[in-house]
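The values are calculated or read from the model by the stated rules, or taken from the named source; none is laboratory data. None of the values given here were measured: they were computed from a predicted structure. Cβ coordinates were reconstructed from backbone atoms using ideal geometry, including for glycine residues, and neighbour counts include every protein chain displayed. In case anyone asks, the SASA skips ligands and DNA or RNA and just uses the protein heavy atoms, side chains included. Shrake-Rupley method; radii C 1.70, N 1.55, O 1.52, S 1.80 Å.
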Amino acid sequence: MPSRKFADGEVVMGRWPGSVLYYEVQVTSYDDVAHLYTVKYKDGTELALKESDIRSQSSFKHRKSQSSSSSPSRRSSSRSRSRSRSPGRPAKGRRRSASQSREHKDDKKKIIQETSLALVVLVLFKPSENNTKRYNGEPESTEKNDTSCIILEQKLKPDLEIKRVLEQYSLRSRKDDKKTEEIFSEKKTFVAVKPIEKVPSKTKELEFGGRIGTFSLIFLLPATVFYLLLMCKQDDPSLLNFPPLPALESLWEWRVFGVFLLWFFLQAVFYLLPIGKVVEGLPLSNGRKLQYRINGFYAFILTAAAVGVLLYFQFELRYLYDHFMQFAVSAAVFSLALSIYLYVRSLKAPEEELAPGGNSGYFIYDFFTGHELNPRIGSFDLKYFCELRPGLIGWVVINLAMLLAEMKIHNLSMPSLSMILVNSFQLLYVVDALWNEEAILTTMDITHDGFGFMLAFGDLVWVPFVYSLQAYYLVGHPTTITWPVAAAITVLNCVGYYIFRSANSQKNNFRRNPADPKLANLKFIPTATGKGLLVTGWWGFVRHPNYLGDIIMALAWSLPCGFNHILPYFYVIYFICLLVHREARDEHHCKQKYGLAWERYCQRVPYRIFPYIY
C-alpha cells in the first residue's frame, strides 16, 4: 500500500475540481481505502482530492519561477552595462548589440507568456463555460456582469497581434523555440479540464435523530397513518376520543392485497411503455448520467382511461372506501418488503452507487434512509418510479372513490361543494407534478437521499393515504360551505399554486440554461460549483418560495372541511413541520456545498420560508 505524501494539518496547494486553478488548502484527513485527501479551502469548503491534484507550496512556487522570464536583476544589470558602453567603440558596440538582443528576446518571451496567461484567463472566465469563473472565494461583485469578458477580449487584441508577429519573425534558435514550446505545453496542462471522480465517503452526520430516531420512525410512521384513518371513521374525531383498536384479522385480506399488487404492476407497465422523451439526470459522483423516461403524464391519462372503463362497466369504486384500512395495511406490508429487498441488494452495490446520506455503516439508519442511491433493475429505476407513479396517481383515484362514496352514502345527486374543492385542488397539484415530471430529477429525493424505508413508505403509503385525509374525512363528516367562502378558498389556492409553480419554473429554467435571454433580468451570486444562487425574483423574496406556495395550498385543501375538528388540518400542520425540517437539511447541505457564497446569499435573502416571520 503506498504511503501518504501529505500529513494532516499540512498547508498545500489543491486544484479546484473541474478547473485549472490551485488554491491554498489544509489537509484534514486521508482515506486509506480510496486514497483521497480531504482538504479544506479558506472559505470553509471541504472536498476530497487525489494526491495528483495536490502540490506542496514549495514545488508550486518553483514551477512558477521556471515559467517566468529572466530575473529582473539580470535585466537591470544588462541594461546598466549597455548604457556604460561608448557608442564610438565598435567591439563594445557588438557586445552592446548582443546585450540588446538578449533584452529584446527576454521582452518577447515575457510578452508571449503574459499573453498566454491572459488567454488562460479568457478561457477560464468565458461566460458560456461552466467552470471556475463563478468562484474565487471572494468574488469581485455580487451580481453577474457579462460585459467583463467583452472588455477583456478588446484589451487582449493588441497583445495577440504582437504574439502572432513575434512568432512569425522570431530570430531565436530552434533550441530556444523548443524550450519555449515545452514551457507552453507545460502551461497547457493547467488549461486541460479533468474531472475528479468523487467516491462517496461514510456518512458522518446522522439525521432524523440518528439510530434511535430512525428506529422509532419505522414504527411511528405506520402507527400515525392507522391512527388517522381510525379517527376519521369515528362519529366524534376529536383528539381526546381515542378510537378502539380493530381486530387484527380485520386488517388483512388477500383480495385487497392482490388488488394493490395489480395496481402497482399496472403502473410499472405504463412506466415501461416506449412513449415520452428520454432525458439525462444530474451527474453522479463518478461523472455518469442516468437516463429517465418522462411519461408520467401519459401514465395518468392511461390510468384515467382504465378507471373510466371500470365505471362504464359499473365497477364500484366505493370498494376502496369500504376497505380503506386494509388497503393501507397492504401498502405498508408491501413497502416494508420492498425496503428489505432494497437494503439486501444494496450490500452488493459498488461504493460509488451508494447514497451520500445513507452510508453510515449502521443497519437501522441505512435501512431507513436508503443505502443505495439509484437502485435499478435493468433500466427500471425503482426510486424514480415510486416517487410519482403508484402513490401520486393513486391519491387521485382514492379522492375520486371518496367523492363517489359520499354521493352514494348520503344519497346526493352531485358531490358537495367541499368535496369538489378538495378533489379539484389536489387534482391540479398532481397533474402539475406529472406535467413537470422532469423537474423532480434535481430534487433532494433523487440526487441525495437513497431509496430505503423512508421513501418507500412515504411514496406508497403516506402520500396516498394521508394526503387524501380531507376527502376521507368529508365522507363521514359532511361540511356545508357557501359560494363566497368557496370563492375565497379558491383564490387562496390559486395564489399558493402561482407562487409554487412560478418559483419552481424560475429555478428549473435557470438551472437548465442560465444564459437564456428570457432570464437576463435575473441576478445571482456565483458559487464554487459553477451554479448561481438567484437573488432576484421569487428566490430573492425568500430562500424557499416553493415551500411557501406549498403551505398556502395545503391550507386551502383543509379549509373546505370547516373548523369543527382539527383532524383535517393534520396535513397542513404536518406539512409545515416537514418543510421546516427539509429547509434545515437544505441549509446544511447548501452551506457545505457553496461555502462563502451561501453565507452571502443568506445575508441578501434573510427569510427562509415566511417573509418577515421565518
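Below are the figures for this structure:
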{"quantity": "Selection count, the stretch 533-591, where residues are within 22 Å of Cys602 (Cα to Cα) and of a type outside the set (S, T, N, Q)", "calculated": "33"}
{"quantity": "Helices (runs of 4 or more DSSP H) wholly inside the stretch 211-329 containing at least 3 residues that are within 37 Å of the chain's Cα centre (by Cα)", "calculated": "254-272, 296-312"}
{"quantity": "Subset of the stretch 535-568 that is assigned to a loop (DSSP other than H, G, I, E, B) and over 23 Å from Ser505 (Cα atoms) - its residue that is most open to solvent (accessible area, probe 1.4 Å)", "calculated": "Phe563"}
{"quantity": "Among (1) open to solvent by 40 Å² or more (accessible area, probe 1.4 Å); (2) more than 19 Å from the chain's Cα centre (by Cα) - the single one Asn509 does not satisfy", "calculated": "(2)"}
{"quantity": "Extreme residue, farthest from Trp598 (Cα to Cα), among residues of the stretch 11-50 that are acidic (Asp, Glu) and at pLDDT below 85", "calculated": "Asp32"}
{"quantity": "Odd one out for Phe324 among (1) open to solvent by less than 10 Å² (accessible area, probe 1.4 Å); (2) within 20 Å of Ile446 (Cα to Cα)", "calculated": "(2)"}
{"quantity": "Subset tally (residues that are under 27 Å from Phe367 (Cα atoms) and touching a residue at least 40 places away in the same chain (Cβ under 8 Å)) for the stretch 288-346", "calculated": "20"}
{"quantity": "Residue within the stretch 503-520 that is modelled with pLDDT under 90, of a type in the set (Asp, Glu) and in the same structural domain as Val333 (by the TED database) present", "calculated": "no"}
{"quantity": "Residue in the stretch 250-258 that is surrounded by 10 or more Cβ atoms within 10 Å (Cβ to Cβ) and within 30 Å of Asn564 (Cβ to Cβ) present", "calculated": "yes"}
{"quantity": "The stretch 461-474, residues that are in a helix (DSSP H, G or I) and either surrounded by 24 or more Cβ atoms within 10 Å (Cβ to Cβ) or not aliphatic (A, V, I, L, M) (or both)", "calculated": "Val461, Trp462, Pro464, Phe465, Leu469, Gln470, Ala471, Tyr472, Tyr473, Leu474"}
{"quantity": "Any pair with Cβ under 6 angstrom, 6 or more apart, that starts in the stretch 588-614 at a residue that is within 10 Å of Thr527 (Cβ to Cβ) and ends at one that is open to solvent by 80 Å² or more (accessible area, probe 1.4 Å)", "calculated": "Trp598/Lys591"}
{"quantity": "Number of positions in the stretch 513-527 that are surrounded by fewer than 12 Cβ atoms within 10 Å (Cβ to Cβ) and farther than 13 Å from Trp538 by Cα", "calculated": "6"}
{"quantity": "Single residue of Phe457, Phe500, Phe510 found to be in contact (Cβ under 8 Å) with a residue 12 or more places away in the chain, of a type in the set (A, V, I, L, M, F, W, C), assigned to a helix (DSSP H, G or I) and under 30 Å from Arg15 (Cβ atoms)", "calculated": "Phe510"}
{"quantity": "Subset tally (residues that are under 30 Å from Ser468 (Cα atoms) and basic (Lys, Arg)) for the stretch 574-600", "calculated": "2"}
{"quantity": "The stretch 1-43, residues that are hydroxyl-bearing (Ser, Thr, Tyr) and more than 29 Å from Pro526 (Cβ to Cβ)", "calculated": "Ser3, Tyr30"}
{"quantity": "Top-ranked residue in the stretch 17-44 [being closer than 17 Å to Ser59 by Cα and not polar (S, T, N, Q); ranked as surrounded by the most Cβ atoms within 10 Å (Cβ to Cβ)]", "calculated": "Val25"}
{"quantity": "Qualifying residue in the stretch 341-354 (condition: assigned by the TED database to the domain that holds Phe297, farther than 23 Å from Val33 by Cβ, open to solvent by 20 Å² or more (accessible area, probe 1.4 Å) and in contact with a strand residue (DSSP E or B) (Cβ under 8 Å, 6 or more places away or on another chain))", "calculated": "no"}
